[in-house]
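Only one structure is covered here, and it is reproduced in the block below.
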Amino acid sequence: MPMVSPRLNRHVARLLVTPGCPREHPYGSDLRSILGGDRFIRAEREITGWPGYRATPLRRLDGFARLAGLGAVYYKDEGTRFGLGSFKALGGAYAVYRLLAREVAARTGRPEPSAADLAADRGGIQKDITVTCATDGNHGRSVAWGAQMFGCRCVIHVHETVSEGRCTAIARYGAEVRRTPGNYDDAVRKAAADAAANGWHVVSDTSYEGYMDVPRDVMQGYAVMAEETLRQLPAGTLPTHVFVQGGVGGLAAAMCGHFWEHLAAARPRFVVVEPDRADCLFRSAEAGRPTAVQGDLDTIMAGLACGEVSLLAWKILEAGTDAFMTIPDEAAADCMRLLADGVDGDPPVVAGESAVAGLAGALGAAQAPEQRAALRLGPDSVVLVFGTEGDTDPDLYRAIVGRSAREVRID
């Protein structure tokens, strides 16, 4: 049996196990039209050719595994991704490239330029194009970085609880940052309205009726992270379980779809983890259809503070997810501190608030007997989680952990 963490065991997490598809059910053409196939090949070719690209580390956390009574825990650490500190660098910037490539081709009648072509000709047609989106922080930073890299204008909408630190980080890439009253979904609607009024292009990570192409590109960029992970795992090792963050569902769908397409019946059991104050995917699974969450969605896991499900993501998650769970903010904060301290010989890891949802969910479920049994977690389980950000809000990180990221790394 696992050891009991005095800092996580007291937190109550909800778990909903769903039937999903049988393991032998193929990743069909209907899902491949959303993610995978030639779309992935193109995304991987472009992104791995960008300046500064390198695969982020896959860390084995043996101390966490012993604490949870598991065979192994692997943590994909996205804190160094392209210097932006988040996995979002893969999605938003790639979607900016794809949008600009389509626009340039349409306006010139020539074939779509490569990312390198656009970056080398930042004074071209794209300088007259404006991209916009709503963000909790990291997606907007990626879109702004992509706009700067490929030479177009950028306007980013943030909602009223996004920290000034996150706004400043976005503005560093030359974007105009506008604050919108309300929550994340209000900012999404404001970005769409401003784009319609001004002839701008929305680069959103969430899909809705009539808006599918760009979110598909965002998710396809994320899948590069899943492929890196498969190549980094030790020979002969595959995860038995993946615990991954929720949000609008784009990241979770990208991971679920890629593992399903490439591992088929050997794919891991898939668990989506959300804040209990922003649980649109959990509620959608309960209802059997996309279901919105109203209110301020006030959670420290800012990147997951989303109330409406991405429709494209839901098509994959509804079929491919084995369970949905929610965790309270306290579980995320405690997990950040455990990672920073290092558990039973593990090296310290800097992880932001949204980075730890999957790990906190896995550790909590492993220590709750009923959830452990329901998810078939045991001493032979190989658990994979995605540490999706570093200290992307340094002030908040210090407030939660009690030390700066630099101090944690020195320790």
Take Gly137 and tell me if it is buried (at least 24 other Cβ atoms within 10 Å of the Cβ) and at positive phi. yes
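What residue, of Glu274, Glu318, Glu308, Glu286, is over 22 Å from Val356 (Cβ atoms), touching a strand residue (DSSP E or B) at 6+ places or on another chain (Cβ under 9 Å), acidic (Asp, Glu) and not in a loop (DSSP other than H, G, I, E, B)?
Exactly one of Glu274, Glu318, Glu308, Glu286 is over 22 Å from Val356 (Cβ atoms), touching a strand residue (DSSP E or B) at 6+ places or on another chain (Cβ under 9 Å), acidic (Asp, Glu) and not in a loop (DSSP other than H, G, I, E, B), namely Glu286.
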Any helices (runs of 4 or more DSSP H) falling wholly within region 333-411 and containing at least 2 residues that are surrounded by 24 or more Cβ atoms within 10 Å (Cβ to Cβ): 357-366
Scan of region 20-36 for residues that are closer than 24 Å to Gly91 by Cβ, in contact (Cβ under 8 Å) with a residue 12 or more places away in the chain and part of a loop (DSSP other than H, G, I, E, B), ordered by number: Tyr27, Ile34, Leu35, Gly36
Residue under evaluation Glu318, criteria (1) free of Cβ contacts under 8 Å to residues at least 40 places away in the same chain; (2) open to solvent by less than 10 Å² (accessible area, probe 1.4 Å), criterion not met: (2)
Just give me the residues in region 120-153 being among the β-branched types (Val, Ile, Thr), more than 21 Å from the chain's Cα centre (by Cα) and in a helix (DSSP H, G or I), in sequence order. Ile125
Are there any pairs, at least 6 apart or on different chains, whose C-beta atoms fall under 8 Å, with the first in region 42-55 and farther than 14 Å from Asp117 by Cβ and in a loop (DSSP other than H, G, I, E, B) and the second open to solvent by less than 60 Å² (accessible area, probe 1.4 Å) and at pLDDT 95 or above, and if so, which? Thr48/Val224; Gly52/Phe82; Tyr53/Ile47; Tyr53/Phe82; Ala55/Glu228
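Only residues that are assigned to a helix (DSSP H, G or I), surrounded by fewer than 24 Cβ atoms within 10 Å (Cβ to Cβ) and over 18 Å from the mean Cα position of the chain (by Cα): list them for region 321-332, please.
Applying the first criterion (assigned to a helix (DSSP H, G or I)) to region 321-332 yields 329-332.
Adding the requirement that they be surrounded by fewer than 24 Cβ atoms within 10 Å (Cβ to Cβ) leaves 329-330.
The one that is assigned to a helix (DSSP H, G or I), surrounded by fewer than 24 Cβ atoms within 10 Å (Cβ to Cβ) and over 18 Å from the mean Cα position of the chain (by Cα): Glu330.
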Which of the numbered conditions does Leu70 fail, given that it passes all the others? Conditions: (1) more than 29 Å from Ala319 (Cα to Cα); (2) assigned to a loop (DSSP other than H, G, I, E, B); (3) of a type in the set (A, V, I, L, M, F, W, C). (1)
Can you find a residue in region 219-228 that is part of a loop (DSSP other than H, G, I, E, B) and surrounded by fewer than 24 Cβ atoms within 10 Å (Cβ to Cβ)? no
State yes or no: is Asp194 modelled with pLDDT of 95 or more and in contact with a strand residue (DSSP E or B) (Cβ under 8 Å, 6 or more places away or on another chain)? yes
Complete set of residues in region 230-267 that are over 18 Å from the mean Cα position of the chain (by Cα) and open to solvent by less than 10 Å² (accessible area, probe 1.4 Å): Pro239
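The values are calculated or read from the model by the stated rules, or taken from the named source; none is laboratory data. What you see is a predicted model; the values in this text were computed from it and never measured. Because the Cβ atoms are built from the backbone with ideal geometry, glycine has one as well, and the counts that use them run over all protein chains shown. For the accessible areas, the whole protein counts, side chains as well, though only heavy atoms, and no ligand, DNA or RNA atoms are used. Shrake-Rupley method; radii C 1.70, N 1.55, O 1.52, S 1.80 Å.
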